[in-house]
1. Might you work out the accessible area of LYS305 for me, using a 1.4 Å probe with all protein chains in place, and round it to the nearest 10 Å²?
2. For segment 174-205, list residues with backbone N below 19 Å from a point placed 7 Å from the Cα of GLN156 toward its Cβ?
3. Order THR351, THR135, THR125, most accessible first, counting only protein heavy atoms with a 1.4 angstrom probe.
4. Treat segment 107-241 as a sphere of radius equal to its Kirkwood radius over Cα pairs and apply Stokes-Einstein at 4 °C in a medium of 1.567 mPa s; give the translational diffusion coefficient in µm²/s, rounded to a whole number.
5. What nm value, rounded to one decimal, do you get for the distance between ASP247 and ASP117 when each label is placed 7 Å out toward the C-beta?
6. Computed from these coordinates, which is Cα extents along the principal axes in Å: (i) 86, 49, 40; (ii) 66, 50, 44; (iii) 123, 47, 44?
7. With a 1.4 Å probe and all protein chains left in place, how much of the accessible area of segment 333-375 comes from carbon and sulfur atoms, in whole percent?
8. Please give the solvent-accessible surface of ASP209 in Å², to the nearest 10, using a probe radius of 1.4 Å with every protein chain present.
Amino acid sequence: MARELDRRTFLTLSGAAGAAAIAGCSGGDDGGATTEPTDATTTTEPQQTTEPQQTEQPDPTATESALIEPATLKEWQDAGLVNTNDTAEERVVVLTLDTSGYDGGHVPGALKWSTEDAEGAAALTEKRLEGLAETPTLVPSGSVMDAVLQSAGVGQNTTVVLTGSAPYVVARAYWTMRYWGFPRERVKVLNGGKTAYGEQYNLEFEAPDAPTCAYTVKAFGTPNYGLRFGLNQMIQEVDAKNAGESDAAFLDLRGDATPRPTGSTADPPASYLQADSFKADAPWQDASTIEEHVWGLDGVEEGQKVVTFCGSGYRAAIAFFALDGILGYDNVTVYDGSVSKQWNHYNAENTPTPNDAWRVDIDDRTEGEPTATGLEIQSDLNQELTELAQLSSNQVKKADIEYMGGDTGGGGFGCGS
């Protein structure tokens, strides 16, 4: 199948300065005691000045992928693009998820990923209603994202560089921004994080100021809803795959853990990093290594829809960033609720027992025995929501559409909503 890559080439343009020789001529002199006026007039050609060499500002949107090296960020810093005061102009904001180690040194110009109430990973997820119960660690709502953007002075022409000591947390932030409408060219991940940057350049210990900004995700118009699967969508996709109606690949970033959705492929998360642990502050693998790994997994082929998941939605973002951010692959999504926090709770052991539309312990939907009972199934929803293929069964998506000012009453969001 045709490769679905969307790579961009980083361009550095420089203006050429021209140097001109200065030429002149003078009238003659016969050497006599007196100097007679001469018919020859002295003319001097206009002097051509040498223009100083001018180099255009680097374009932060024109990188080969969403993964950038410390040298690239340093170039943007030296060009004065980081944390400029005018949020309407082309600028770069560095957001760090490593908030606990912030005072011990951070990338120059880096601001914390934060709201008034939380920072770092604590401001990266939210407990929200989805399916038949409230679920922790789901994608943050639009109001939370607005608070993050405004606290950092992110504007319409801002490129955000994400950094931190835990790649899986940084990858989760990347996926969150992509879901809320940021295009690939406006979200970058610093390869190797603070560690790699600090090996080449000096870190900073003072917190920079951020300009006042009222920017909101509503400026994007429409989030990238297709980059997220709700529980109702995941169940439908599993049923379709069991029926031979879907060839989607399910990547389990927990590795070989069970129980898990039927038809899943174990995908060790550290495979995407130059380290033995997905928690290490290590560089990412290059594009060719990632391609070889992903398309070499059992039952996974380029061109398929790829659904990533894990226990809580963080490790799933590692594969998402590798595919979406590094390879530019256009058919990858994250099952947000994931297994430990959501999927395994929809079984006959829970009280009340979820209706059959939602139970994952029937119809060959799960490999292994899901028996978790930590989610509180709401009786009224259990009675009302007996059809998965409706927007009302994907409350997160419905709430996000409403936040963006969209109409949720007329349908048109797809049967898998």
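1. In the full protein context, LYS305 sits at about 70 Å².
2. 180-187
3. Details: THR351 115, THR135 0, THR125 30 Å².
In descending accessible area the options line up as THR351, THR125, THR135.
4. Numbers: Rh = 16.3 Å.
Value of D from the Cα-based Kirkwood radius: 79 µm²/s.
5. With each label point 7 Å from Cα toward Cβ, the separation is 4.5 nm.
6. Only one listed value fits the structure, namely (iii).
7. Values: 620 of 1620 Å².
Reported share for carbon and sulfur atoms: 38 percent.
8. 130 Å²
The values are calculated or read from the model by the stated rules, or taken from the named source; none is laboratory data. Keep in mind it's a predicted model, so treat the numbers as computed, not measured. Ideal geometry is used to build each Cβ from the backbone, glycine not excepted, and the neighbour counts take in all protein chains shown. What goes into the accessible areas is simple: the full protein's heavy atoms, side chains included, and nothing from ligands, DNA or RNA. Shrake-Rupley method; radii C 1.70, N 1.55, O 1.52, S 1.80 Å.
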